[in-house]
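Student: Have a look at this one.
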Amino acid sequence: MSSSEEITADDLISWEEKAFEAVGQAKSDATLASKFYAYLWTAQRDFVALSSQTQGRFCGDIGVISREVTCLFFSESCPQPMSDGSDRYSEAVADLVLAKITQRMEQDKKTAQSYEIKEGDRFWKSIGTFKGIDAGSWQTWLIRSGSQFRLPPPPGYGSREDQAQLRAVKSTLANITDKQKKAIAFWATGPGTKTAPGTWLKVASDAMRDNAMHLETILLLRSVLAMILADTEIAAMDSKYTHWVMRPYMRDKTILTFVPTPNHPSYPSEHAAIAGASPVFHRHHHPIERDRYRDGFQGHRLLGTQHRFKASALRLPARPKLLGSRSRLDFEGLMFPNSRNRSSPSCGVQRPSTMPARSSSGHSVRSSACPPRYSALITRTGPAALT
């Protein structure tokens, strides 16, 4: 049994656009969207890997598995089948991959637990349905758990530093420029869009296409990046629902944010975490123009001050390697780099926070030039991730 269809980079681009469209139509939040992208990108990688291993070439209809995974997440915006069902080979390979995907999703459901709700005048209060209250406990892809990078508490409520941060937010809002507003509007990517993880995945996809990368390389790198973004969201949500930090407008009614405020706690900024993980990955795995990731980082920076996250902490690590059956990815400052210096003011969605002298993992930080590392093991028996 075989297939006459050949899998190409154009097929990946086509389904990438369908995935972004499904996320937008479902009005998904960034946390759920990052989870979907990780599953879909991994399923596509495994589909091609199995095809290559059995047929010695990249054959089959990748749309079969792509549609199945999309429908698992967004049944109402599920793409219509693009084949007549006559490609039995593609359906058989898709069934193998889908079995692994659904198995992992079931395990994911078992690990998910809502965090304890903190009540009181000093804690964040939900407006409507909680967003991502169990996301910090979701099954991770590359790190041990969301709590592995749990941050220490921010400055005490009402403390001198706490008050200084609120003043910084108000000052920034009072002096925001049209250029900054434009950057915020582009990178905000709220519900109804591809979301922040999707935007960074698109940046990666465009760069890989521009540099005519091999299909195998594209599949591997985009799936690993999707895993990194999903883990970043999980880690951010773990800290958010551990500390329940109020948003600035809840503290000061004169603060009016430039963009809609997400319905989850303020600390830390998930946009900042995403903006830290993505550029580091890009700089190591494919050529990408500096202004491409610099503009993205600055845009996310304006969206919300990076609690325990500053631009100068984004330093190049030793070059990550993807070799052998057990590969170690080393990224410096991938999620929450620490420093004693203060990060820049936000547009009012969140607030700045001074960096402590200890890293998020509890290890001492000698200086602001020495952010913590984290290492993630990717255990592979071949080019496939789950199968």
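We did not get these values from a lab; they are worked out from the coordinates using the rules stated. This structure is a prediction, so every number in the text was calculated from the model and none was measured. Cβ: placed from backbone, ideal geometry, glycine included. Neighbour counts: every protein chain shown.
Student: Rounded, prolate or oblate: which fits the stretch 163-283 when a ≥ b ≥ c are the square roots of the eigenvalues of the alpha-carbon gyration tensor, with rounded for a/c under 1.5 and prolate only if a/b beats b/c?
Tutor: Since a/c reaches 1.5 and a/b is larger than b/c, the shape of the stretch 163-283 is classed as prolate.
Student: Determine, for R67, R144, the number of other Cβ atoms within 10 Å of each Cβ, and report the residues in order from fewest to most.
Tutor: Taking fewest neighbouring Cβ atoms as first place, the list is R144, R67.
Student: Taking the Cβ of Q113 as the centre, find all other residues whose Cβ is under 12 Å away and add up their charges (Lys, Arg: +1; Asp, Glu: -1).
Tutor: Net of charged neighbours comes to -2.
Student: Name the aspartates and glutamates eligible as straight-distance cross-link partners of K181: C-alpha to C-alpha under 14 Å, and not fewer than 8 places from it in the same chain.
Tutor: The qualifying aspartates and glutamates are D295.
Student: Within a Cβ distance under 13 Å of R144, other residues only, what is the Lys/Arg minus Asp/Glu net charge?
Tutor: -1
Student: Could you list Y157, Y115 so that the one with the fewest beta carbons within 10 Å of its beta carbon is first and the one with the most is last?
Tutor: Ranking Y157, Y115 by Cβ neighbours within 10 Å, fewest first, gives Y157, Y115.
Student: Distance check, please: which entries in K27/K179; K131/K194; K110/K131; K109/K182; K35/K253 exceed 29 angstrom between their Cα atoms?
Tutor: Exceeds cut-off: K109/K182; K35/K253.
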